[in-house]
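The values are calculated or read from the model by the stated rules, or taken from the named source; none is laboratory data. As the structure is a prediction and not an experimental result, all values here were calculated from the model. Every residue, glycine as well, gets a Cβ built from its backbone with ideal geometry; the counts of neighbours run over all protein chains shown. Just so you know, the surface numbers come from the protein's heavy atoms only, side chains and all, with ligands and any DNA or RNA stripped out. Shrake-Rupley method; radii C 1.70, N 1.55, O 1.52, S 1.80 Å.
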2 protein chains.
Amino acid sequence: MTTVTARTVHLLRRPDGFPTSDLFAFRERELAPPGEGEALVENLYLSVDPYMRQLMDGGWPLDAPLGRGRALGRVVASRAAGLAEGDIVFHTGGWSTHALVEPGTARAVEPAPGVPLAAYLSVLGGTGLTAYAGMRSVLDVRPGESVYVSAAAGAVGGVAGQIARLLGAERVLGSAGSAAKVAHVTERLGFTAAYDYREGGLAGWLAEQAPEGLDATLDGVGGDHLEAAIGAAKEFGRIAWVGAISQYHSAANPPAAPRNLYAVSDRSLHLRGYQVRHHMHLREEAEEWLVPHLVEGRIALDHTVVDGFDSLIDAFLGVLRGDNLGKMLVRLDAAGNEA
Amino acid sequence: MTTVTARTVHLLRRPDGFPTSDLFAFRERELAPPGEGEALVENLYLSVDPYMRQLMDGGWPLDAPLGRGRALGRVVASRAAGLAEGDIVFHTGGWSTHALVEPGTARAVEPAPGVPLAAYLSVLGGTGLTAYAGMRSVLDVRPGESVYVSAAAGAVGGVAGQIARLLGAERVLGSAGSAAKVAHVTERLGFTAAYDYREGGLAGWLAEQAPEGLDATLDGVGGDHLEAAIGAAKEFGRIAWVGAISQYHSAANPPAAPRNLYAVSDRSLHLRGYQVRHHMHLREEAEEWLVPHLVEGRIALDHTVVDGFDSLIDAFLGVLRGDNLGKMLVRLDAAGNEA
């Protein structure tokens with residue numbers, strides 16, 4: 001087999017504040033045929049996620065192909081034991097049309113009957129695992145509880161709220177950044193109620209909706225949202241804090257910490273940060289728990305899919321702006337004949 | 001038996017900022033002989049504690065005898081089953097020379113051989129239980145860990161650091177507000193090292209002393225101290241936050257929340273508030289664990305004792321100013337012939 005021309009993306013400069021598309025450039029590179037122990041993968045779906053904003057500040061090299069993105073692809077040539085031509089694999093060498101992978105860095109995916117392939121990058125992928133780890137392991141949501149999820153229309157928040165409902169939470173409250181998102185969250189994802197935080201008054205709304213206080217919060221925003229969650233927490237309330245989009249663009253000048261932080265001491269709250277990378281051991285358990293709920297329609301698939309590698313940067317910037325409903329995915333041409 | 005004239009304290013006005021002695025007045029009241037089910041107690045030791053500052057803002061009535069203070073006294077007359085004349089009891093009707101108690105609100109204390117009575121208001125009292133609950137239950141300090149305790153020369157901090165050392169912590173670091181306190185904490189209480197935070201640079205000192213980061217922190221101060229603890233915490237570090245003296249005088253204008261709070265998310269920290277009143281079930285366990293350490297000298301008794309009911313207000317204001325080394329106690333005349 002001869003070389004393959006892969007399309008890739010380079011980062012030209014580091015951002016100063018909110019990133020713009022001129023920081024990136026599309027490039028091509030020749031990939032040699034797979035060496036011993038390697039397989040060549042043609043990507044089908046690429047994931048774009050808020051955490052990648054942090055890579056722009058240092059994790060990604062300048063003017064070199066950008067890796068470290070979650071992707072689903074099909075093996076098109078293999079010299080690796082355990083990876084056969086035609087296999088579908090999950091790997092993290094994304095932001096390219098093709099990748100050379102090894103068995104240690106690529107995991108074979110066999111989609112369960114009735115589950116679309118793209119779900120393995122969303123509810124069954126990293127963002128779904130983030131939600132599952134938060135609700136099951138960090139917060140341990142119990143029947144009858146009142147649960148609040150910020151960024152409820154996002155990839156993590158939407159799944160988290162649905163998991164809370166299935167765990168028996170009495171109230172699942174969400175906040176989101178537009179009336180359309182609020183409608184999406186309540187009508188499609190089954191949240192008890194949701195609020196457009198751009199109206200102001202999130203704290204008051206939470207107090208109204210959960211007059212006895214919140215048992216558990218999953219916050220992925222920080223700043224005012226964390227402050228509202230602390231204000232509405234009941235005694236012994238738990239808050240899981242997973243990243244902070246509001247922080248990513250201004251590490252040197254972070255959003256104000258919650259003015260009511262002292263309530264953590266005064267009301268015996270648990271504020272616990274977590275990162276999904278420390279919960280990878282839950283992946284199989286999460287998949288076993290989630291798949292029946294997906295197949296039987298108790299969890300709605302929640303994707304915003306854009307087509308074509310050329311759309312990658314716009315899709316990424318769209319995630320940072322909050323344009324997406326649910327998980328933002330880029331579908332490549334090669335996925336045309338996949339589910 | 002006839003009535004007894006008890007000396008008491010009234011609060012005349014609520015404080016605006018740091019309290020002053022003119023807000024209080026000494027008064028006398030006649031106590032009737034104990035009714036059925038009651039006992040009359042002559043107090044021996046009274047506790048003055050920082051949390052009482054909060055009572056001044058609303059918990060204590062104006063111009064009425066102030067109760068809700070921890071006290072040790074001797075039963076001088078009893079019509080209550082289970083409370084006999086001469087019994088030593090712990091109760092919470094303090095800030096008076098005498099109190100009428102009932103068996104449900106007074107607990108008989110039988111000092112263990114070799115343990116001075118006053119210890120039952122300090123290391124074996126509420127502040128010691130606060131330290132024990134923090135180190136054992138909230139933080140669960142393990143051998144080899146690096147532990148930091150703020151307000152290390154205070155009644156809670158001094159016991160907490162000694163407990164951490166006995167639990168096998170490799171480093172027990174403390175901060176305090178003067179060179180004399182720093183010397184006290186390292187020389188008498190056995191902290192590994194301590195720092196006078198008034199010099200500035202607490203964060204840098206912690207990083208130097210625990211280059212791999214702090215496993216566990218007990219903070220009772222908040223503000224800059226909490227910020228330093230967050231900054232020095234290692235990944236998965238635990239922080240127990242018990243009250244905040246720096247907050248008590250300015251509820252309307254609290255100290256700035258830590259500017260580095262985002263590290264709670266980014267480094268997967270646990271920030272957990274707690275109150276000793278939710279850990280009363282640990283009292284007997286704590287006493288069983290602490291008494292042998294006390295008797296055999298592995299935990300130093302750490303008291304600042306002032307004499308006479310007239311000293312009560314000055315002693316209380318002294319605690320708020322941080323004048324005390326260890327637990328501040330007021331010894332009443334009746335204690336003259338006690339250990």
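From the set of residues in the range B:20-50 that are hydroxyl-bearing (Ser, Thr, Tyr) and part of a strand (DSSP E or B), which is nearest to the chain's Cα centre (by Cα)?
B:SER47
So which residues in the range B:227-239 are more than 24 Å from the chain's Cα centre (by Cα) and either within 11 Å of another protein chain (Cβ to nearest Cβ) or modelled with pLDDT under 95 (or both), if there are any at all?
Correct list: B:ALA233, B:GLU235, B:PHE236, B:GLY237.
I'd like to check something: does the range A:183-201 contain any residue that is modelled with pLDDT of 95 or more, part of a strand (DSSP E or B) and surrounded by fewer than 20 Cβ atoms within 10 Å (Cβ to Cβ)?
Checking the range A:183-201: at least one residue is modelled with pLDDT of 95 or more, part of a strand (DSSP E or B) and surrounded by fewer than 20 Cβ atoms within 10 Å (Cβ to Cβ).
B:GLY168 versus (1) over 18 Å from B:TRP241 (Cα atoms); (2) out of contact with any Pro (no Cβ under 6 Å at 6 or more places or on another chain): which is the lone unmet condition?
Result: B:GLY168 passes all but (2).
For the range A:42-76, what are the residues that are of a type in the set (A, V, I, L, M, F, W, C), in contact (Cβ under 8 Å) with a residue 24 or more places away in the chain and open to solvent by 10 Å² or more (accessible area, probe 1.4 Å)?
Selection gives A:LEU62, A:ALA64, A:VAL76.
Can you pull out the residues in the range B:204-226 that are at pLDDT 95 or above and not in a strand (DSSP E or B)?
Hits for the range B:204-226 are B:GLY204, B:TRP205, B:LEU206, B:ALA207, B:GLU208, B:GLN209, B:ALA210, B:PRO211, B:GLU212, B:GLY213.
Can you say whether A:LEU271 is touching a helix residue (DSSP H, G or I) at 6+ places or on another chain (Cβ under 7 Å), part of a helix (DSSP H, G or I) and either at pLDDT 90 or above or of a type outside the set (D, E, K, R) (or both), as far as the supplied structure shows?
no
Report, by residue number, each residue of the range A:255-267 that is outside any loop (DSSP other than H, G, I, E, B) and open to solvent by 10 Å² or more (accessible area, probe 1.4 Å).
Answer for the range A:255-267, where residues must be outside any loop (DSSP other than H, G, I, E, B) and open to solvent by 10 Å² or more (accessible area, probe 1.4 Å): A:ALA263, A:ASP266.
Looking at the range A:102-112, is at least one residue at pLDDT below 95, more than 24 Å from A:GLU285 (Cα to Cα) and either outside any strand (DSSP E or B) or not acidic (Asp, Glu) (or both)?
So far as the range A:102-112 goes, yes, one or more of its residues are at pLDDT below 95, more than 24 Å from A:GLU285 (Cα to Cα) and either outside any strand (DSSP E or B) or not acidic (Asp, Glu) (or both).
Restricting attention to the range A:240-260, does a residue exist that is more than 7 Å from chain B (Cβ to nearest Cβ), touching a Phe, Trp or Tyr at 6+ places or on another chain (Cβ under 7 Å), modelled with pLDDT under 95 and within 29 Å of A:PRO15 (Cα to Cα)?
There is at least one residue in the range A:240-260 that is more than 7 Å from chain B (Cβ to nearest Cβ), touching a Phe, Trp or Tyr at 6+ places or on another chain (Cβ under 7 Å), modelled with pLDDT under 95 and within 29 Å of A:PRO15 (Cα to Cα).
Could you tell me how many of the residues in the range A:3-19 are outside any strand (DSSP E or B), within 18 Å of A:TYR51 (Cα to Cα) and open to solvent by less than 80 Å² (accessible area, probe 1.4 Å)?
Selection size over the range A:3-19: 3.
For the range A:268-286: of the residues being surrounded by fewer than 20 Cβ atoms within 10 Å (Cβ to Cβ) and more than 14 Å from every other protein chain (Cβ to nearest Cβ), which is farthest from A:LEU189 (Cα to Cα)?
Step by step, filter the range A:268-286, then rank; the result is A:HIS281.
Just give me the residues in the range A:287-296 being in a loop (DSSP other than H, G, I, E, B) and open to solvent by less than 60 Å² (accessible area, probe 1.4 Å), in sequence order.
Matches in the range A:287-296: none.
Find the residue count for the range B:307-339, including only residues that are at pLDDT 95 or above and open to solvent by 40 Å² or more (accessible area, probe 1.4 Å).
Here the count works out to 4.
For the structure I just gave you, tell me whether B:GLU212 is more than 19 Å from the chain's Cα centre (by Cα) and touching a residue at least 60 places away in the same chain (Cβ under 8 Å).
yes
I'd like to know if the range A:167-177 contains one or more residues that are in contact (Cβ under 8 Å) with a residue 40 or more places away in the chain, out of contact with any helix residue (DSSP H, G or I) (no Cβ under 8 Å at 6 or more places or on another chain) and assigned to a strand (DSSP E or B).
No, the range A:167-177 has no match at all.
Taking the range B:297-306 only, how many residues are of a type in the set (Ser, Thr, Tyr) and loosely packed, with under 14 Cβ neighbours inside 10 Å?
Total satisfying the criteria: 0.
Just a yes or no: is a residue in the range B:306-314 within 14 Å of chain A (Cβ to nearest Cβ), among the hydroxyl-bearing types (Ser, Thr, Tyr) and either in contact with an Asp or Glu (Cβ under 8 Å, 6 or more places away or on another chain) or closer than 22 Å to B:ASP49 by Cα (or both)?
The answer is no; no qualifying residue exists.
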